[in-house]
1. Test S67 against the stated conditions and say whether it is modelled with pLDDT under 80, exposed (fewer than 12 other Cβ atoms within 10 Å of the Cβ) and not in a helix (DSSP H, G or I).
2. Which numbered condition trips up V14, out of (1) open to solvent by 50 Å² or more (accessible area, probe 1.4 Å); (2) under 27 Å from S119 (Cα atoms); (3) in a loop (DSSP other than H, G, I, E, B)?
3. At pLDDT 80 or above, within 26 Å of A41 (Cβ to Cβ) and surrounded by 10 or more Cβ atoms within 10 Å (Cβ to Cβ): does that describe L175?
4. Determine which single condition I96 fails, assuming it passes every other condition in (1) at pLDDT 80 or above; (2) farther than 24 Å from E125 by Cβ; (3) not aromatic (F, W, Y).
5. For the range 30-42, state whether one or more residues are assigned to a loop (DSSP other than H, G, I, E, B), under 28 Å from K121 (Cα atoms) and open to solvent by less than 60 Å² (accessible area, probe 1.4 Å).
6. Which one of these is assigned to a helix (DSSP H, G or I), without any contact (Cβ under 8 Å) to a residue 60 or more places away in the chain, hydrophobic (A, V, I, L, M, F, W, C) and over 23 Å from E4 (Cβ atoms): L104, L49?
7. Taking the condition modelled with pLDDT under 75 and either surrounded by 13 or more Cβ atoms within 10 Å (Cβ to Cβ) or touching a Lys or Arg at 6+ places or on another chain (Cβ under 9 Å) (or both), does I78 pass?
8. Take the residues in the range 17-29 that are farther than 12 Å from N54 by Cβ and charged (D, E, K, R); name whichever of them is surrounded by the fewest Cβ atoms within 10 Å (Cβ to Cβ).
Amino acid sequence: VIDEIHFLREERGVVLENLLLNFIRNLQKKSKNFRLIGLSATIPNFYDLANFLNVNITNGVFYFGPSIREITLNHVIIGIKSNYQSQYEKKTLNSILIQKVLFLLNTIEKPKSIVFVQSRKNTLETGLVLMEILEKKKLPCNSKLDTFKNEKLGKIPLVIKKLLKQGIGIHHSGLSKKEKI
């Protein structure tokens, strides 16, 4: 079982890729059957991955998409295709993101949104941009900050507390255990 299998296409995935290739090659030489379970919430090209891993696409790939959810999930993908994100591209992307978030806040009762960001650094930056806009617009937030015990809040950085007060939470693999309350 491989969690976060989408790391294959990233710099951190080189070791995982080599491990999988050697594993598959050795088992194929021995004509052994094996089951590989790759998990990812963010991989859009699972058929390409299946081809790479020599998986039978018709009966070896299981995609659990929005159709199995009890509550429908709407998603919007906003992206800028570029090798280098300039400040202008970031501002443009953030502007579109803010328009979408404000639309949700103004049109849906009890809106909830998840924003996937490409890097750890951009996660905090995007949260701060959203916080700034929400503060400027003086929009009410659904922060549950008061439900946390003060001892837990004392352990997290001030910048994350500020985000939480606006109803914005962030998560990425670089957060400490204290920050993941």
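The values are calculated or read from the model by the stated rules, or taken from the named source; none is laboratory data. Every value quoted in this text rests on a predicted model; they were computed, and no experiment measured them. Every residue, glycine among them, receives a Cβ derived from its backbone with ideal geometry; neighbour counts consider all protein chains shown. Just so you know, the surface numbers come from the protein's heavy atoms only, side chains and all, with ligands and any DNA or RNA stripped out. Shrake-Rupley method; radii C 1.70, N 1.55, O 1.52, S 1.80 Å.
1. Numbers: modelled with pLDDT under 80: yes; exposed (fewer than 12 other Cβ atoms within 10 Å of the Cβ): yes; not in a helix (DSSP H, G or I): no.
No, not satisfied.
2. Condition (3) is where V14 drops out.
3. Numbers: at pLDDT 80 or above: no; within 26 Å of A41 (Cβ to Cβ): yes; surrounded by 10 or more Cβ atoms within 10 Å (Cβ to Cβ): yes.
So L175 fails the test.
4. With (1) at pLDDT 80 or above; (2) farther than 24 Å from E125 by Cβ; (3) not aromatic (F, W, Y) applied to I96, the lone miss is (2).
5. Of all residues in the range 30-42, those assigned to a loop (DSSP other than H, G, I, E, B) come to 30-37, 40-42.
If we keep only those that are under 28 Å from K121 (Cα atoms) too, we end up with 40-42.
Right, trim to open to solvent by less than 60 Å² (accessible area, probe 1.4 Å) and you get 40, 42.
Yes, that holds for at least one residue.
6. Working: L49 fails: over 23 Å from E4 (Cβ atoms).
Among L104, L49, only L104 is assigned to a helix (DSSP H, G or I), without any contact (Cβ under 8 Å) to a residue 60 or more places away in the chain, hydrophobic (A, V, I, L, M, F, W, C) and over 23 Å from E4 (Cβ atoms).
7. On the way: modelled with pLDDT under 75: yes; either surrounded by 13 or more Cβ atoms within 10 Å (Cβ to Cβ) or touching a Lys or Arg at 6+ places or on another chain (Cβ under 9 Å) (or both): yes.
The answer is yes for I78.
8. At the first step, the residues of the range 17-29 found to be farther than 12 Å from N54 by Cβ are 17-19, 22, 26, 29.
Next cut, charged (D, E, K, R) only: 17, 29.
Values: E17: 14, K29: 8.
The selected residue is K29.
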